[in-house]
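Encoded as structure tokens, the structure appears first; notes follow it.
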Amino acid sequence: MAELVEVAVPFPIFSTFTYRVPEYWRDKVQAGMRAVVPFRSRKLVGLVLACDPQPPEGTELKEIVEVLDEEPVVLPGLIEVGRWIAAYYFSPPGEAFRVMLPPGLLLKRADDGPARRFWPVRKQLGVVELASRPPDLTEKQAQAWELLSEVELPVLLTTFSRETGLSEAVLRALAKKKALRIGDVEIKRSPWKDYGRLYRHQPVVRHRLNQEQARVLDTIGLLLKERRFSALLVHGVTGSGKTEIYLNAIQSVLEQGLSALMLVPEIGLTPQAARAFRGWFGDQVAILHSALSEGERFDQWRRVQEGRSRVVLGTRSAVFAPVRKLGIVIIDEEHDGSYKQDDFPRYHARETAYKRCQLESALLVVGSATPQMETYYQAQQGDKYRFQSLQKRVMERPLPQVRIVDMRREFEKHGPGLVLSDPLDLAIRRRLDNQQQVLMLINRRGYTPVVLCRSCGHTEQCKNCSISLTYHQVQHRLMCHYCGFSRRVPDKCRECGKEYIFYLGEGTEKIQEILQRRFPEAEIDRLDRDAVRRKGAYDRILGNFASGRTNILVGTQMIAKGHDFPQVTLVGVLAADQALRLADFRAAERTFQLLTQVAGRAGRGEQPGEVIIQTYYPNHYALRYAGAQDYPTFYAQEAGFRSRFRYPPFSILANLLLQDRDREEVAKMARQVADKLKAFRDQLSTSQHMRIMGPAPAALERLREEYRFQILVKTTSRMELHQVLRQAVEELQTERQVNLRKVTIDIDPLTLL
């Protein structure tokens, strides 16, 4: 019997609220259920976090309106995870719990009348029960009754009619004669139909593990037997067979009566992973990611909640899947930036999984050929992760040979406008002659990234962002990749009116065009975000490449992650150094990771692989060590830079971003916030190692019509960081001098742009 409940409401406010429970609901309400609550002048659907909390003093409590669930929709362990996210990432609690549920279950505003349940269940009419056969049936009615007697009910009317050729009217006539009963049947929406084409003709093969793989799997097995929390980093070179280890580990977990959760970094990798998981575990697998329809996502989530799926495969938000008896969480390509949410709540799936495994006494396994610097550091220190390495590819296949081409020398030979160096051009020709495949990486979408006037130097800029517009030849539009703004391509310069429009640089569209002109006999396709906007396009593009119908695939970083194409023997990298020019302390790390990952796509079959990297900075250590696939040496050199300038893993960062349409207003707010932080730093920080830098305009100062200022906090004490931020936020909220909705706090940021 709960008289009071603590509720998180879907509203950007940094606190929870206590409500009284009407007598009717007191024996029904539980933590983890949704409830309709009055909030200010409206009714919201909130989440009950606890029953009978300590009531606040001197406050008249309102009553909840209605409880929406018969059983909790959020498990007790996930309630604790949500509280941790709200505290650790300085997120409003309602936002932290919103991401745990399928869309629509928490953020819907309640109606004035009785609240709807907001369960996106889809139903159609079907035959739900068959009675005894009446004697007065027509020929078609008798045929329908006989067919129904041979199948498992329920059967949808539309499905029965389509498969038998008998009309729905025949079934309705049988219902009138009491020969059967028609009722509502819930439609189970499944995403599996979308995962059949990519590797349809490739059977699932369970490989015998080599000595290194067996050693890592034995370590995982020993940790699982302990049935307590532990975390393991598996650092394996590309092609070392990490996925096979993961599948065997999950099989072991299932045999122990436990459940498993595996995260992959991008939606695009789920078709390949789905095939392997479906082959191993059949109907036990559920898939969770944002590209599913709302109905598919809800049905998959409910399969997990009801215990019908004990293996979950998904992207970032799948870390909140309502898995019961969790035994293991595996995070593949743990270094990938897509594991960090880029809006509220700005959680990282790896850190969230770490906390969840702690709470549920489960094993966390994270794997990568290029671990994030912080993860590798923690494993080397032994304070957070255990460490295992895989130094060889499966079947003793050699790593690809890597050649770095100095484009300064190519420029001297061929002059401006050169895109393909002589070595890369020759290597592509050889692969085409030998019926082998080529991947070409240029991490830039569109046709050209800059459109300028050769007369006055004016460049086409986004009206909402401080960024150049990219020319997309397919749409014949100039487009902003941040806010989506687009305009037609001008015939004359908008500044001086002269007809000297020039398209500068290359993107994926232009590279595809150049390659098609150079190798007209080749089938060339493109894989980037523009090419996969239509549903099924990703499946079609990779399906054609997997089957060999496509000879050359041009793409952005989407082609660098996780794909396994045995016929790819050459990877070409264009403009390999472009990320090094970014004003971000992770620039070298990201460049190394991208080049190492894409190089790993070559030579995964019987033929050896080759990688050709074109650059104007051939001596940069990120490129040299990526070419050698030498992570430890890269880490050592990069760690020296990070240590000198006190960047992670040798410090802890928080980035505060303030945004407003009025530049003067946001600059004023930023100064007020910085002053407040410095005041509490001086008061609370005993280590004297906390630096507050800024405020200053962000590298991308204007975005989506708003000006952006940032404040960077560096410290060596996470406890002191949270104390200072918490005190500053509480005082700013009390004083109301700064609108906290315009302040974004990013803990452990992956980028400072």
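The values are calculated or read from the model by the stated rules, or taken from the named source; none is laboratory data. Computed from a prediction, not measured in an experiment: that's the story for all the values here. For neighbour counting, all protein chains shown are included, and Cβ atoms are generated from backbone atoms with ideal geometry for every residue, glycine included. Accessible surface is based on the protein model in full, side chains and every heavy atom, while ligands, DNA and RNA are left aside. Shrake-Rupley method; radii C 1.70, N 1.55, O 1.52, S 1.80 Å.
Which number comes out as Rg/Rh for the stretch 491-532 once both Rg and the Kirkwood Rh are worked out on C-alpha atoms?
Result for the stretch 491-532 is an Rg/Rh of 1.17.
Among Gln516, Tyr471, Gly77, whose Cα sits farthest toward the positive end of the charge dipole of the chain (+1 at Cβ of Lys/Arg, -1 at Cβ of Asp/Glu, about the Cα centre)?
Value: Gln516.
Which three numbers, in whole Å and largest first, are the semi-axes of the equivalent ellipsoid of the stretch 230-354 derived from its Cα gyration tensor as √(5λ)?
Result for the stretch 230-354: semi-axes of 19, 19, 14 Å.
Can you tell me how the stretch 489-601 classifies by the Cα gyration tensor, rounded, prolate or oblate, using a/c under 1.5 as the rounded cut?
oblate
Between the stretch 537-576 and the stretch 160-191, how many Å separate their Cα centres?
After rounding, the separation between the Cα centres reads 46 Å.
For the stretch 408-549, what does the accessible surface come to per residue with a 1.4 Å probe? Please give it in Å².
It amounts to 52 Å² per residue over the stretch 408-549.
Given the rule -39500 (n - 2.57) for each run of at least 4 DSSP H residues, summed and divided by the residues of the chain, what is its mean residue ellipticity at 222 nm, to the nearest 500 deg cm²/dmol?
Helix contribution divided over all residues of the chain: -10000 deg cm²/dmol.
Roughly speaking, what is the centre-to-centre gap between the stretch 399-457 and the stretch 63-105 when only Cα atoms are used, to the nearest Å?
50 Å
Just want to confirm a number: the relative contact order over the chain, from Cα pairs under 8 angstrom separated by 6+ residues, in percent.
Result for the chain is 10 percent.
Please list 661-674, 229-242 highest first by mean number of surrounding beta-carbon atoms within 10 Å per residue.
229-242, 661-674
Lysines within cross-link reach of Lys355: Cα-Cα under 28 Å, excluding same-chain residues under 8 positions apart?
Lys225, Lys242, Lys325, Lys340, Lys384, Lys561, Lys714
Report, for the chain, the % of DSSP beta bridges that are antiparallel, rounded to 5.
55 percent
Take the eigenvalues of the Cα gyration tensor for the stretch 707-753, scale each by 5, and report the square roots as semi-axes in whole Å, largest first.
Whole-Å semi-axes of the equivalent ellipsoid: 19, 17, 7.
Aspartates and glutamates near Lys177 by alpha-carbon distance under 20 Å, same-chain residues fewer than 8 away left out - which ones?
In chain and number order, the partners are Glu129, Asp136, Glu139, Glu146, Glu150, Glu168.
Counting only heavy atoms of the protein chains, get the accessible area per residue of the stretch 681-753 (1.4 Å probe) and round it to a whole Å² value.
Counting only protein heavy atoms, the per-residue value for the stretch 681-753 is 51 Å².
Once a ≥ b ≥ c are taken as the square roots of the eigenvalues of the Cα gyration tensor of the stretch 676-741, is the result rounded (a/c under 1.5), prolate (a/b larger than b/c) or oblate (a/b not larger than b/c)?
Verdict is oblate for the stretch 676-741.
So with the 1.4 Å probe, I'd like the accessible area per residue for the stretch 318-380, rounded to whole Å².
About 23 Å² of surface per residue is accessible.
Give the cysteines in the chain for which no other Cys Cβ lies under 4.7 Å away, or write none if there are none.
Cys51, Cys357, Cys483
What ranking, highest mean first, results for peptides 350-357, 566-573, 40-47, 714-721 when packing means the other Cβ atoms within 10 Å averaged over each residue?
In descending order of packing, they fall as 566-573, 350-357, 40-47, 714-721.
Just want to confirm a number: the relative contact order over the stretch 219-325, from Cα pairs under 8 angstrom separated by 6+ residues, in percent.
The normalised contact order for the stretch 219-325 reaches 29 percent.
Starting from one equal scatterer on each C-alpha and no solvent at all, send me the Debye-based log10 I(q)/I(0) for the stretch 3-53 at q = 0.27, 0.29 Å⁻¹, two decimals.
-1.10, -1.24
Tell me, what is a quarter of the convex hull surface for the C-alpha atoms of the stretch 580-679, in nm² with one decimal?
10.0 nm²
For Lys62, which lysines qualify as cross-link partners when the Cα separation must be under 28 Å and same-chain residues fewer than eight apart are set aside?
Within the straight-line limit of under 28 Å, Lys62 reaches these lysines: Lys28, Lys43, Lys108.
Could you tell me how many cubic angstrom of Cα convex hull volume the stretch 24-91 has per residue?
Per residue, the Cα convex hull of the stretch 24-91 comes to 122 Å³.
Output the Kirkwood hydrodynamic radius of the stretch 602-753, Cα pairs only, in Å rounded to one decimal.
For the stretch 602-753, inverting the mean 1/r across all distinct Cα pairs yields 18.1 Å.
At 1.4 Å probe size, with the rest of the protein present, what percent of the exposed accessible area of the chain is carbon and sulfur atoms?
Carbon and sulfur: 47 percent of the exposed surface of the chain.
Can you bin the stretch 358-494 into rounded, prolate or oblate? Criterion: square roots of the alpha carbon gyration tensor eigenvalues sorted a ≥ b ≥ c, rounded for a/c under 1.5, prolate for a/b above b/c, oblate for the rest.
In terms of gyration-tensor shape, oblate.
Which percent of the Cα-Cα distances in the stretch 312-404 go past 23 Å?
Everything past 23 Å amounts to 35 percent.
If you wrap a convex hull around the C-alpha atoms of the stretch 385-447 and split its volume per residue, what is the figure in Å³?
Here the figure is 191 Å³ per residue.
Taking a 1.4 Å probe, which of Glu152, Glu513, Glu226, Glu523 shows the most accessible area, and what order do the others take after it?
The most accessible residue leads, giving Glu152, Glu523, Glu226, Glu513.
Estimate the FRET efficiency between Arg736 and Arg386 by the formula 1/(1 + (r/R0)^6), using the beta-carbon distance for r and 51 Å for R0, to the nearest 0.05.
0.60
Just the ratio, please: alpha-carbon radius of gyration of the chain over 2.2 N^0.38 Å, N its number of residues.
This ratio for the chain stands at 1.06.
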